[in-house]
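Since every read-out is calculated from the coordinates, none of them should be taken as a lab result. Note that the structure is a prediction, hence the values are computed from the model and not measured. Reconstructed Cβ throughout: ideal geometry from the backbone, glycine too, with neighbour counts over all protein chains shown.
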Amino acid sequence: MPKLSDRVGTFTDSVIRRMTRISDAYDAINLSQGFPDFNPPKPLMDALAQVAYKGPHQYPVTFGAPNFREALAKKVSKTLGRVPDPETEIVVTCGGTEAMMSAVMAVCNPGDKILVFSPFYENYGADAILSGAEPIFIPLVPPTYDFDLSLIEDGFKNGAKAIIICNPSNPCGKVFTREELTAIGELALKYDAFIITDEVYEHLVYEPYTHVSAASLPGLYDNVITCNSLSKTYSITGWRLGYLIAPEPVAEAAKKVHDFLTVGAPSPLQEAALVGLGFPDSYYEGLRELYTEKRKIFLDGLDSIGLRHNVPQGTYFVMVDISDFLELPQFKGITDLEFCEWMIREIGVAAVPGSSFFREEVNNLIRLHFARENSTLEEVIRRLSRMTEMLKG
Ligand code: GLN
């Protein structure tokens, strides 16, 4: 057989999405890939039903249907502190995934360096590789997931073109403070670098924390590319609706990448999702309350069976510490991936091995998510308690 490209040999498929496939094969409760098991808001489902007859069914304008971009501009103006120009500053993409890929491709030349926090959402590694960029990792140090600003300055001094910030952070649940973003922003301005933010969990932030969009900080707009999606906000991860907001020259570059990658995000789904973009603030408040309750049920459940975990400030992810299990004779020397496979088979719960998020050697953490019906979360705790029983010997 002829040889494949070297590029595809340099990364694996997504471990997160692989865990979903294994989970499905064993009919486990899937707390690996983050997506809800409940329906989107009814107005979106009603709109989707109507669109089936009303259309559109053909290609949208490649960078997003005009009414969708206008609605987006209005919605994001609250967090951005300005109304981006729907014609020149917004690109509608197939999910946040394509927004991030288009952003990295639009700013990085092969050989450029790009700063990425570790732990990081695994897509960023592939985004860098496919763009030919070299990731430089900045540790977010557990358990608080703080970082050393001087490492970011060193990275920029060494010519890094951009920094990727996932805020709130997948997988560690960190919400970057205004002060942290301002400090990173000052460095980006000083060294003439871009900030690429992934803000798909912006509405899943728990009190007392608040979400700040880097692009809203004074003087920073021209250096920031904001990537986002409707997936988590409206519980429609399968609709693949994402977007990118950036100053005109950057957005124009991203439009070209997007045009040739996917042509456009599905037009019927843009039309159906319009109603969501028009929801009042009370919708987002309700979403936060919903997930605040789920977080409490899940974390209290983990506490009650003695599983150690972090307390996420945002997102619906929790990192659980499995060190105690790795001490047991039957688990001696196994990897976190093997542990997760064992959990799927024997416990009926799917998680993501922490090693797929960390640059550092980490084998004692697994990621679970709580975007599940409360009754499912309670069943998960019952199943996991069979696991913690093993620790009692
Ligand atoms: N963000 C989700 C997760 O980390 C996955 C998103 C995706 O698979 N595109 O689980």
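Label segment 270-342 by shape, choosing from rounded, prolate and oblate, from the square roots a ≥ b ≥ c of the eigenvalues of the Cα gyration tensor; if a/c is under 1.5 it is rounded, and otherwise prolate applies when a/b is larger than b/c, oblate when it is not. Could the numbers behind the result be given before it?
On the way: a/c = 4.73, a/b = 2.29, b/c = 2.07.
Taking the square roots of the gyration eigenvalues as a ≥ b ≥ c, segment 270-342 is prolate.
Can you give the convex hull volume of the alpha carbon atoms of the chain per residue, in Å³?
On the way: hull volume 60.9 nm³, N = 393.
Dividing the Cα hull volume of the chain by its residue count gives 155 Å³.
For segment 38-127, state which GluC sites (Glu not before Pro) are in a DSSP loop and have at most 15 other beta carbons lying within 10 Å of their beta carbon.
E87
The 3J(HN,Hα) values that the Karplus relation (6.51, -1.76, 1.60; θ = phi - 60°) gives for segment 233-239 are, in residue order, 5, 10, 6, 9, 5, x, 7 Hz. Gly and Pro appear as x.
Treat the count of other C-beta atoms within 10 Å as a stand-in for reagent exposure and order M343, M390 from fewest to most. Walk me through the numbers before you get to the answer.
Working: M343 26, M390 12.
By the 10 Å Cβ count, ascending, the order reads M390, M343.
Here the chain carries DSSP beta bridges of which approximately 50% are antiparallel, counting only pairs with both residues inside.
Placing +1 on the Cβ of every Lys and Arg and -1 on the Cβ of every Asp and Glu, with no other charges, gives the chain a dipole of roughly 620 debye about its Cα centre. Between the listed residues G173, P43, L187, the Cα displaced farthest toward the positive end of the dipole of the chain, a dipole computed from Cβ unit charges relative to the Cα centre, is found at P43. Shape class for segment 267-307, computed from the alpha carbon gyration tensor (a ≥ b ≥ c): oblate, with a/c not under 1.5 and a/b at or below b/c. Straight Cα distances below 18 angstrom link K75 to the lysines K232, with same-chain residues fewer than 8 positions distant left out.
Using a Förster radius of 41 Å, what is the FRET efficiency between T210 and V61 based on their Cβ-Cβ separation? Nearest 0.05, please.
Working: r = 34 Å, r/R0 = 0.84.
Rounded to the nearest 0.05, the efficiency is 0.75.
With the simple spin-label model, which puts each label point 7 Å out from Cα in the Cβ direction, the T144 to L130 separation comes to 3.7 nm.
Sparsely packed loop sites in segment 9-80 (the chymotrypsin sites (Phe, Trp or Tyr not before Pro) outside DSSP H, G, I, E and B with at most 15 other Cβ atoms within 10 Å) comprise F11, F38.
Using Cα springs under 10 Å in a Gaussian network model of the chain, which residue among V104, V224, V263 shows the largest mean-square fluctuation? Ranking V104, V224, V263 by mean-square fluctuation puts V263 first.
Quick one: of the DSSP bridges fully inside segment 134-235, what percent are antiparallel, nearest 5?
On the way: 1 of 10 bridges.
Expressed as a percentage, antiparallel bridges in segment 134-235 total about 10.
With the cut-off at 1.5 for a/c, could you classify segment 331-390 from its C-alpha gyration tensor as rounded, prolate or oblate? Oblate.
Among D324, D46, which comes first, then next, by fewest other beta-carbon atoms within 10 Å?
By the 10 Å Cβ count, ascending, the order reads D46, D324.
According to the calculation over all Cα-Cα pairs in segment 238-393, the P(r) per 5 Å bin from zero is 1, 7, 13, 15, 13, 11, 12, 10, 8, 5, 3, 0, 0 %.
Here the Karplus curve 6.51 cos²θ - 1.76 cosθ + 1.60, taken at θ = phi - 60°, turns the phi angles of segment 102-117 into couplings of 5, 5, 5, 5, 6, 10, 9, 8, x, x, 5, 9, 9, 8, 9, 6 Hz, with x standing for Gly and Pro.
Stretching I305 away from Y283 to a fully extended chain increases their span by 4.6 nm, per 0.36 nm per residue minus the current alpha-carbon distance.
Taking amide H as placed 1.01 Å from N in the peptide plane, the amide H of H309 sits under 5 Å from that of D321, each at least 5 places away or on another chain. Binning the alpha carbon pair distances of segment 58-204 at 10 angstrom intervals from zero yields the distribution 11, 38, 36, 14, 2, 0, expressed in whole percent.
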